[in-house]
Amino acid sequence: MKRFRMKQPVYIIVILVLGSLCGVFAAVVNIVKAAQTPSVNISRLLLLILLVALALFLLVLCAGILVYPYYTVKNGRLYSSMGILHTSYDLADVTELMYFKAQGKLVMYFSAEKFVVIMLAESKHDDFVKALREVNPKIIYDNKINEND
């Protein structure tokens, strides 16, 4: 099993930090409001509890993506994990990896005319391609300056 840490662009990190802070702020505000709500107002209390749950979900979602997003090559599949979000791709279906230097994007193409942008530091590309080729040696890796190259 080989693990590769995702490289998040700065603007994504800023958005995730803001989302986490919003989740914390909303949870605290609604907990305080719930504590001040009289027990006779059950519908308002339930609404505040629901809002706290949603705020905590936002916090967990953003913080999970922010803390340790990674790719794992295991059992013939590429697994993508970002907090509570998980996806997997069958490496037998991967036909090509293309690095577009002008955009700084590594794109993984599949035989079913689908593609996925891989968020990985350029210094990790060789190790990543090597790990994928151990599973599927037919994967083609190429560099392009831009889409028209």
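Please give the residues of segment 52-81, grouped as numeric ranges, whose backbone N is less than 14 Å from a label point set 7 Å along the Cα-to-Cβ vector of residue 22.
Only 54-63 pass the distance filter.
For the chain, find the longest principal axis of its Cα atoms and tell me its angle to the long axis of helix 42-67, 0 to 90°, nearest 10.
Approximately 30 degrees, to the nearest ten.
With θ set to phi - 60°, apply the Karplus curve 6.51 cos²θ - 1.76 cosθ + 1.60 along segment 13-19 and write out the HN-Hα couplings as whole Hz, x wherever there is a Gly or Pro.
4, 4, 4, 5, 5, 4, x
Rounded to the nearest 20 Debye, what is the dipole magnitude of the chain about its Cα centre when Lys and Arg each give +1 and Asp and Glu each give -1 at the C-beta?
Around 460 debye, computed over the chain.
So for the chain, taking the charge dipole from beta-carbon charges (+1 Lys/Arg, -1 Asp/Glu), which of 141, 37, 58 sits furthest toward the positive end?
37
For helix 125-135, what angle does its Cα long axis make with the longest principal axis of the chain, in degrees from 0 to 90 and rounded to 10?
Computed tilt is about 80 degrees.
In nm, to one decimal, how far is the modelled label at residue 41 from the one at residue 142, with both set 7 Å along Cα→Cβ?
In this crude label model, residue 41 to residue 142 measures out at 6.5 nm.
I need the calculated FRET efficiency for the pair residue 101 and residue 53, taking r as the beta carbon distance and R₀ as 41 Å, to the nearest 0.05.
That gives a FRET efficiency of 0.40.
Report the relative contact order of segment 58-149, percent, no decimals, based on alpha-carbon pairs under 8 angstrom and at least 6 residues apart.
24 percent.
Kindly provide the helix-only [θ] at 222 nm of the chain, computed as the sum of -39,500 (n - 2.57) over DSSP H runs of four or more divided by all residues, to the nearest 500 deg cm²/dmol?
-15000 deg cm²/dmol
Exposure proxy check: 125, 86 ranked by fewest other beta carbons within 10 Å?
86, 125
Give the whole-number value, in cubic angstrom per residue, of the convex hull volume spanned by the C-alpha atoms of the chain.
Looking at the chain, the number lands at 140 Å³ per residue.
Which pairs in the list 101/124; 74/105; 7/138; 7/114; 114/138 are over 19 Å apart, alpha-carbon to alpha-carbon?
Long pairs (Cα-Cα over 19 Å): 74/105; 7/138; 7/114.
Taking the Cα centre of each part, how many Å lie between segment 1-76 and segment 79-119?
With segment 1-76 and segment 79-119 each reduced to a Cα centre, they are spaced 26 Å.
5 Å is the cut-off here: which amide hydrogens, built 1.01 Å from N in the peptide plane, fall below it relative to residue 74, excluding neighbours closer than 5 in sequence?
Amide H neighbours of residue 74, under 5 Å, 5+ apart: 79.
Just so you know, all these numbers are worked out from the coordinates, no wet-lab data involved. Because the structure is a prediction, the values reported are computed rather than measured. All Cβ positions, glycine included, derive from the backbone under ideal geometry; neighbour counts span all protein chains shown.
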